[in-house]
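Colleague: My structure is below; once you've seen it, I'll send some questions.
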Amino acid sequence: MLVDKSRQALADRVISLLGVDLDDMSETEVSVSSGKLRKVIQFAYELGHTDGMEAKESLDKRNELYFQQLMDLLPDYVYFKDLQSRFTLVNHAQAIHLGVTEPAEAVGKSDFDFFQEEFAAAKYRDEQDIIRTGEGHYFYEEHHFQQDGSESWDITSKLPLHDETGEIIGTFGLSRNVTDKKRAEMEVDRQKTLLETIIQILPCRVFVRDRDGRYLLINDEYKKRLGIETRGASQGKKLSDFLEGDRVLRIEAEDIQLMDKAEAIRDRIDYDESPLQGGRWILTSKVPLKNPQGAVIGLVGMTLDVSKQKEAEHRAQIAQAALLQKNQQMEAELWVARQLQEKLLSTNFGQNGDFCLSGTHWDVEARFIYEPSHHLAGDFFFLVPIDDNHLGIIICDVMGHGVKAALVTMLIRGLILEAPEHLDNPVALLGFLNEKLTTLANEPNFPRFVTAAYLVIDLEVGLIRFANAGHPYPLIGIHRGGKGAVESLPKDGIGSALGLEVSSAYTEGSVELPAAADLFLFTDGIIEAEDPDEQEFGIQGLSKALTQHAPSTPSGYISAVSQALDHFCHDNELDDDICMLAVAIRPK
């Protein structure tokens with residue numbers, strides 16, 4: 001009935017719009033005209049209704065398509081839930097966030113299927129509150145804990161979902177993943193906390209001022225010097241608000257100049273210039289503070305009281321000067337001691353460095369070279385004319401270097417001169433020296449041992465008698481047919497070094513000289529010398545150098561060995577004493 005009335009009203013309206021005057025028509029004409037118009041209107045109405053429904057359906061489908069495309073393209077998480085907080089619709093981003101391949105896989109499930117129970121329960125309670133109260137939330141942060149233990153952060157808006165009548169039928173929400181941003185913020189906070197901690201525990205005074213000289217930051221040490229209760233009390237204030245005087249004015253002017261020129265001060269030390277504490281040495285560093293665009297927006301500074309260090313430095317300089325003076329005095333004394341040591345070694349040698357002794361049937365000539373690695377050496381030799389036809393020669397090497405070793409060599413020389421009755425007996429002399437040195441070796445600062453070789457040359461019969469206490473055996477070259485074959489003296493019966501055991505026994509060896517002969521005595525500094533590849537010169541290198549120049553004079557042998565040693569070692573610095581003695585024994 002209502003529809004018919006609407007159609008009747010519409011027909012009347014159309015007749016009126018068409019300008020038809022029903023009052024000028026007969027009843028029959030009016031009836032006919034009205035009937036035709038009603039049919040036309042009825043047809044138009046039905047046609048318009050059908051087209052309208054089709055248009056509405058088309059619009060609904062288009063809107064649904066737009067919505068679906070929007071859902072799929074949004075990077076944010078979009079989801080709809082029913083009254084039991086089960087998913088009814090999610091977009092692709094939310095599906096991936098939940099760990100499923102397609103959105104449809106999430107439909108009918110809840111947060112308990114994807115997240116840890118504690119977190120899912122909290123979300124469920126929140127959504128039930130929204131359903132109960134009808135009030136949602138906008139842009140609040142959610143911290144997610146998924147079942148595998150991974151965590152993430154979202155910014156979420158969650159609201160009630162209404163049907164056409166306005167009744168709440170669930171919830172819907174939109175979330176944006178901000179995990180990277182959140183972690184970056186957390187890292188910035190961590191770095192900020194770390195920096196703040198470091199600044200506060202520093203013993204120096206740290207400050208930051210803006211372009212106008214107002215404090216932006218100070219540490220606790222600076223706060224104590226300013227005499228304020230909290231660091232915040234300095235915010236927005238200048239140094240001149242706490243202190244006054246020429247020093248303050250100079251500092252403020254300097255800060256302005258540094259900021260205007262974008263210059264820095266690093267590790268500058270001033271005396272009595274600090275406005276916080278006078279009469280002190282202060283280390284200062286200041287650098288411009290710049291914004292990301294490179295513009296200077298302030299100044300960062302550090303000051304440190306280094307008065308104790310300066311005082312210690314001054315004391316050290318005084319001590320160093322005294323030590324230098326003492327060292328110079330000691331150097332002079334050691335130089336005198338070295339000259340004395342070399343003088344004692346060269347006893348019985350002439351001014352040209354030669355030693356000569358003529359016996360009944362044989363003559364002896366000797367030459368030496370002596371180069372301590374330090375001021376004083378532990379290497380030692382001594383030529384002792386026993387009588388007209390007997391010459392004693394001792395060569396020894398005291399463990400270590402320097403003054404202690406040198407004093408032991410002087411001790412050995414003195415002991416030899418105190419035992420003239422043993423000079424003609426190599427075994428007896430080494431036994432006597434061993435007994436004396438063993439007793440002294442019990443002292444903690446005394447060198448532990450001494451190696452030595454002692455020879456007696458008989459110039460009447462042409463005989464060499466010798467004994468050895470752990471020393472490198474002397475080399476001998478006997479002239480045969482104009483050539484010299486260099487070899488060691490017989491090594492039978494070598495004894496232990498002097499000073500190790502009081503009961504050490506030594507045996508005597510001997511060599512008869514059928515013709516002219518050369519002796520070469522040396523310490524281990526020669527054979528242990530190393531080249532740049534750390535290879536030793538060795539007894540082979542020494543024998544080779546002697547053989548290539550045999551027969552020769554004592555000075556010739558010394559020169560040959562010195563040149564061979566220099567060539568072998570190149571620029572390597574020798575770290576042991578060098579001592580060698582060449583002796584020529586010639587029949588008359």
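Read-outs throughout are calculated quantities, based only on the coordinates presented, and are distinct from any laboratory measurement. Bear in mind that the values here come from a model prediction, so they are computed numbers and not experimental data. All Cβ positions, even for glycine, are placed from backbone atoms using ideal geometry, and neighbour counts span all protein chains on display.
Colleague: Relative to the present Cα-Cα distance, how much length would full extension add between E252 and E460 at 0.36 nm per residue of separation?
Modeller: That works out to 64.9 nm of additional length.
Colleague: Right, here's the next one. So if R0 is 22 Å, what FRET efficiency would S150 and E185 give, r being the distance between their Cβ atoms, rounded to the nearest 0.05?
Modeller: Computed FRET efficiency for S150 and E185 comes out at 0.75.
Colleague: In deg cm²/dmol, rounded to 500, what helix-only [θ] at 222 nm does the chain give when every DSSP H run of at least 4 residues adds -39500 (n - 2.57) and the total is split over its residues?
Modeller: It comes out at -13500 deg cm²/dmol, rounded to the nearest 500.
Colleague: Normalised by the residues of the chain, what does the relative contact order come to in percent, with Cα pairs under 8 Å and at least six apart? All intermediate terms of the calculation are to be shown ahead of the outcome.
Modeller: On the way: 989 pairs, mean separation 45.3, N = 588.
Relative contact order, the chain: 8 percent.
Colleague: Do you know the relative contact order of region 113-163, to the nearest whole percent, from alpha carbon pairs under 8 angstrom that are 6+ apart?
Modeller: 38 percent
Colleague: Distance check, please: which entries in K61/K109; K158/K182; K237/K310 exceed 22 angstrom between their Cα atoms?
Modeller: Going by Cα-Cα distance, K61/K109; K237/K310 fall outside the 22 Å limit.
Colleague: Same structure again: Which angle between 0 and 90 degrees, to the nearest 10, do you get for helix 307-345 versus the longest principal axis of the chain when only C-alpha atoms count?
Modeller: Rounded to the nearest ten degrees, it is 30.
Colleague: Quick check: the angle from helix 554-569's long axis to the longest principal axis of the chain, C-alpha only, nearest 10 degrees?
Modeller: Approximately 10 degrees, to the nearest ten.
Colleague: Follow-up. Work out how much length D571 to E501 would gain on full extension: take 0.36 nm times their residue separation and subtract the Cα-Cα distance, in nm to one decimal.
Modeller: 21.2 nm
Colleague: Among 316-324, 171-179, 252-260, what's the highest-first ranking by average C-beta atoms within 10 angstrom per residue?
Modeller: Ranked by mean Cβ neighbours within 10 Å, highest first: 171-179, 252-260, 316-324.
Colleague: Further question: Relative contact order (percent) for region 464-521, with alpha-carbon contacts under 8 angstrom and 6 or more residues of separation?
Modeller: Working: 93 pairs, mean separation 27.7, N = 58.
Reported as a whole number, the value is 48 percent.
Colleague: May I ask for the equivalent-ellipsoid semi-axes of region 348-470, computed as the square root of five times each C-alpha gyration tensor eigenvalue and listed largest first in whole Å? Spell out each step's value before the answer.
Modeller: Working: eigenvalues 142, 65, 21 Å².
Listed largest to smallest, the semi-axes of region 348-470 are 27, 18, 10 Å.
Colleague: What is the distance in Å between the Cα centres of region 183-246 and region 365-431?
Modeller: 75 Å
Colleague: Check the straight Cα-Cα distances from K588 and name the lysines below 25 Å, setting aside those fewer than 8 residues away within the same chain.
Modeller: Here the lysines satisfying the reach criterion relative to K588 are K483.
Colleague: By a straight-distance test (C-alpha under 20 Å), which lysines pair with K181 as possible cross-link partners, with residues fewer than eight away in the same chain excluded?
Modeller: Of all the lysines, those that pass the test against K181 - Cα under 20 Å, at least 8 places apart if same chain - are K192.
Colleague: To the nearest 20 debye, what charge dipole does region 314-434 have about its Cα centre, counting +1 at the Cβ of each Lys and Arg and -1 at the Cβ of each Asp and Glu?
Modeller: Details: 7 positive and 14 negative charges, 172 e Å.
Here the size comes out at about 820 debye.
Colleague: Can you give me the angle between helix 538-547 and the longest principal axis of the chain, using Cα atoms only, in degrees from 0 to 90, rounded to the nearest 10?
Modeller: Once rounded, one gets 50 degrees.
Colleague: Using only the Cα atoms of region 346-587, build the gyration tensor, take square roots of its eigenvalues as a ≥ b ≥ c, and label the shape rounded, prolate or oblate: rounded if a/c is under 1.5, else prolate if a/b is larger than b/c, else oblate.
Modeller: Oblate.
Colleague: For A262, project a label point 7 Å along Cα to C-beta. Then give me every residue of region 268-296 with its amide nitrogen under 13 Å of that point.
Modeller: Zone members listed by number: 288-296.
Colleague: Stokes-Einstein at 4 °C, 1.567 mPa s, Kirkwood radius from Cα pairs: D for region 450-588 in µm² s⁻¹?
Modeller: This corresponds to a translational diffusion coefficient of 81 µm²/s.
Colleague: Would you mind getting me the FRET efficiency between L83 and E244? Use the beta-carbon distance for r and R0 = 51 Å, nearest 0.05. Before the final figure, lay out each step's value.
Modeller: Details: r = 73 Å, r/R0 = 1.44.
That pair, L83 with E244, gives E of 0.10.
Colleague: Where does each of 517-527, 453-463 land if you order them by average Cβ count within 10 Å, highest first?
Modeller: 517-527, 453-463
Colleague: While we're here: Quote the Stokes-Einstein diffusion coefficient, in whole µm² s⁻¹, for region 70-214, based on the Kirkwood radius over alpha carbon pairs, a temperature of 4 °C and a viscosity of 1.567 mPa s.
Modeller: After rounding, the answer is 73 µm²/s.
Colleague: Give the label of the value calculated from the structure for P(r) over Cα pairs in 20 Å bins from 0, in percent, choosing from (1) 20, 51, 27, 2; (2) 13, 19, 12, 17, 17, 10, 4, 4, 2, 0; (3) 15, 38, 34, 11, 2, 0.
Modeller: Computed from the coordinates, P(r) over Cα pairs in 20 Å bins from 0, in percent corresponds to (2).
Colleague: Using 0.36 nm times the number of residues separating E333 and E443, minus their current alpha carbon distance, what extension gain do you get?
Modeller: 37.1 nm
Colleague: With a Förster radius of 51 Å, plug the Cβ-Cβ distance of D210 and K109 into 1/(1 + (r/R0)^6) and report the FRET value to the nearest 0.05.
Modeller: Working: r = 56 Å, r/R0 = 1.10.
For D210 and K109, the calculated efficiency is 0.35.
Colleague: Could you sort the peptides 210-223, 180-193 by per-residue average Cβ neighbour count (10 Å cutoff), highest mean leading?
Modeller: 210-223, 180-193
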